[in-house]
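Have a look at the structure below before the remarks.
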């Protein structure tokens, strides 16, 4: 239960208590009616707010868009073999920047491609993935063998050395001859 819904329910309980206490302890009829009506309006208003703060599955309404975006976005970079089978994965959810390269214990890279079949074609600091404005972008760090992006329909694009390129879920990054799938 989220904090806003809990606060709505607490206000409902307090307003119900005020209605009961005013009925039991307030002797003046007009004061009793005014307090009961005001507490009843608060009770109804906050009951409606508590119900509206949830969707059908119980997810708070303000979180629906966030969870949908998170599910639809890239969560994993997967290393693929020649047949397209996943042989390694890197969880990138919640990260903002990842260095792709070949770790030689001098450079700390986030996605280490040194031990792959074509690791020799990967520079020490080959590329960087940056997350900004709800989207991933890849930048070529002036690598020797470059970067290409293969779209799900089979089209392949060369990534410019001077401008970042957007990466979408389902794209395959070709780092030299090493293949990373954005999942």
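The values are calculated or read from the model by the stated rules, or taken from the named source; none is laboratory data. It should be emphasised that the depicted structure is a prediction, and the values quoted were computed from it without experimental measurement. Reconstructed Cβ throughout: ideal geometry from the backbone, glycine too, with neighbour counts over all protein chains shown.
Details
- Scanning segment 102-133 for residues that are in a strand (DSSP E or B) and within 12 Å of residue 145 (Cβ to Cβ) turns up just one, 127.
- Set 66, 4: member being part of a helix (DSSP H, G or I), touching a strand residue (DSSP E or B) at 6+ places or on another chain (Cβ under 8 Å) and modelled with pLDDT under 90: 4
- Qualifying residue in segment 149-161 (condition: buried (at least 16 other Cβ atoms within 10 Å of the Cβ), touching a strand residue (DSSP E or B) at 6+ places or on another chain (Cβ under 9 Å), part of a strand (DSSP E or B) and in contact (Cβ under 8 Å) with a residue 40 or more places away in the chain): no
- Top-ranked residue in segment 45-62 [being surrounded by 12 or more Cβ atoms within 10 Å (Cβ to Cβ) and part of a helix (DSSP H, G or I); ranked as modelled with the highest pLDDT]: 45
- Here residue 77 meets each of (1) modelled with pLDDT of 90 or more; (2) touching a strand residue (DSSP E or B) at 6+ places or on another chain (Cβ under 7 Å); (3) outside any strand (DSSP E or B) with one exception, condition (3).
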